[in-house]
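Beneath this line is the structure, given in structure tokens, with notes to follow.
The values are calculated or read from the model by the stated rules, or taken from the named source; none is laboratory data. This is a predicted model, so every value here is computed, not measured. Quick reminder, even Gly has a Cβ in these numbers, built from the backbone with ideal geometry, and neighbours come from all protein chains shown.
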Amino acid sequence: MTTEDKTCTPSFDYCADELIKSKGFTESDLKNALKNSDVEEKEDLSKTLFHCKNPGDVGHPKVCQDGCKGGEEEGSHSC
């Protein structure tokens, strides 16, 4: 899969499972985004919120202790 196959709306936040299920990202992509961040790579992705920096690029992961909460609307999710 190439970067063009990945899609997210810049400046929106997404739960990891949403990025994997409907945005073209893989678990490996998200684990790579954890590198060089303050979130450990072994962190449970289901509890991780990612910020979309560019249409095919996420970063700035944030751990949601009670799990990431998605919504009906595009992006802008929270813990």
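Things worth noting here:
- Candidates are the residues of the range 38-63 that are part of a strand (DSSP E or B) and among the basic types (Lys, Arg); the one that is nearest to Glu74 (Cα to Cα) is Lys53.
- Unmet requirement for Lys42, which otherwise passes all of (1) more than 10 Å from the chain's Cα centre (by Cα); (2) surrounded by 14 or more Cβ atoms within 10 Å (Cβ to Cβ): (2)
- Pairs linking a residue in the range 1-12 that is under 19 Å from Glu74 (Cβ atoms) and polar (S, T, N, Q) to a residue that is at pLDDT below 90 and assigned to a loop (DSSP other than H, G, I, E, B), with Cβ atoms under 6 Å and 6 or more positions apart or on different chains, are Thr9/Glu74; Thr9/Gly75.
- Flag if Lys23 is touching a Phe, Trp or Tyr at 6+ places or on another chain (Cβ under 8 Å) and of a type in the set (Lys, Arg): yes
- Some residue of the range 26-37 being modelled with pLDDT of 95 or more, within 22 Å of Glu73 (Cα to Cα) and more than 9 Å from the chain's Cα centre (by Cα): yes
- Scanning the range 24-37 for residues that are crowded, with 20+ Cβ neighbours inside 10 Å and part of a loop (DSSP other than H, G, I, E, B) yields one hit, Phe25.
- Per the conditions (1) β-branched (Val, Ile, Thr); (2) closer than 13 Å to Asp57 by Cβ; (3) surrounded by 17 or more Cβ atoms within 10 Å (Cβ to Cβ), the sole criterion not satisfied by Thr7 is (3).
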